[in-house]
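Report on one structure; see the data block that follows.
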Amino acid sequence: MNAKILAPEEHFIEKEPYYEAVGDEIAIFHAAHAHRLPILLKGPTGCGKTRFMEHMAWRLRRPLITVSCHDDLTASDLVGRYLVKGGETVWMDGPLTRAVRVGGICYLDEIVEARKDTMVVIHPLADDRRTLPMEKLGQLLEATADFCLAISYNPGYQSVLKDLKQSTRQRFVALEFDYPAPDLEARIVAAESGVDAELAARLVRFAQTTRNLKGAGLEEGASTRLLVHAGKLISGGIAPVLACRSAVAQAITDDADMLAAIQELSSSLF
């Protein structure tokens, strides 16, 4: 049997990811990492959680292995499995195992979407044990000092059937994210998309009107990410109203009446 481990160099972030702090999240993450505490990020879609993780990985000079969780994600997907290649049985480490071995940051995005058996392997890594049970190998892998476990979820989308149990939540240091204040969000949109400050401010005002419709026809308003998408289209020569329809309105709803209402909002601003 052979084992394959992905080189950690493949996960290092060489160039500083653009990130604007909205509070004390950078200092808290630094302190948590120094004391080997796992991190929980919670907040709406597109508010900067993933970018924050990329920024912290760059700051700490640690490899970042990100896993987008989904309904079919199992503990074996995270830990690893035996595969047959060329008539030979090969053990392939999963992303969580790779991060534990090399002292990297494993970021499990939208953790509540994963199957429940994933918690069996996460829990011992998220407390004082800092171990990863590898049942198929009959091993208990100890995390290195630099290993960091981070998870995220969007409380606004959760239901009784998809929520973090207290037994999981109380293992983590929690950081709450939201959309930035208008001036800061406009600065982010301008920096990320290339539009001027005045247009970025109008895009933020447009987003705020859609966010006010949350629960009144929309599940979620326009995220900062979607504003950046719209800004990039505008920078590429697309008219603002058309950019807002394609990058924002169509992304957040399929309802014809709501699309028309959002179109009127963008037309009034642009």
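Computed from the coordinates by the stated procedures, all read-outs in this text should not be read as laboratory data. In this text the structure is predicted, and so the values were computed from the model without any measurement. Every residue, glycine as well, gets a Cβ built from its backbone with ideal geometry; the counts of neighbours run over all protein chains shown.
General remarks:
- Chain lengthening between L83 and A239 when straightened (0.36 nm per residue, less Cα-Cα): 51.1 nm
- Percentage, to the nearest whole number, of Cα pairs in the chain over 34 Å apart: 29 percent
- Interchain or long-range residues, amide H under 5 Å from T66's placed H: Y107
- Length available on full extension from M92 to S246: 0.36 nm per residue minus the Cα-Cα distance, which gives 51.4 nm.
- Extension gain, A191 to V173, is 3.5 nm, computed as 0.36 nm per intervening residue step minus the present C-alpha separation.
- Dipole in debye (nearest 20) - the chain, about Cα centre, beta carbon charges: Lys, Arg +1; Asp, Glu -1: 560 debye
- A Förster radius of 41 Å, combined with the Cβ-Cβ distance separating L269 from D72, puts the computed FRET efficiency at roughly 0.50.
- For region 45-86, the list of trypsin sites (Lys or Arg not before Pro) that fall in a loop by DSSP and count at most 12 other C-beta atoms within 10 angstrom reads R61.
- Sparsely packed loop sites in region 66-158 (the GluC sites (Glu not before Pro) outside DSSP H, G, I, E and B with at most 14 other Cβ atoms within 10 Å) comprise E135.
- One equal scatterer on each Cα of region 91-170, no solvent, Debye formula: the resulting log10 I(q)/I(0) at q = 0.14, 0.27 Å⁻¹ is -0.48, -1.44.
- Partner lysines whose Cα lies under 18 Å from the Cα of K165, excluding those fewer than 8 positions away in the same chain, are identified as K42, K116.
- For region 182-269, average projected area of the Cα convex hull in nm²: 4.8 nm²
- Selection among V121, L203, Q166 by position relative to the dipole of region 61-204 gives V121 as farthest towards the positive end (Cβ unit charges, Cα centre).
- For K136, a cut-off of 16 angstrom between C-alpha atoms picks up these aspartates and glutamates, skipping any fewer than 8 places away in its own chain: D77, D93, D117.
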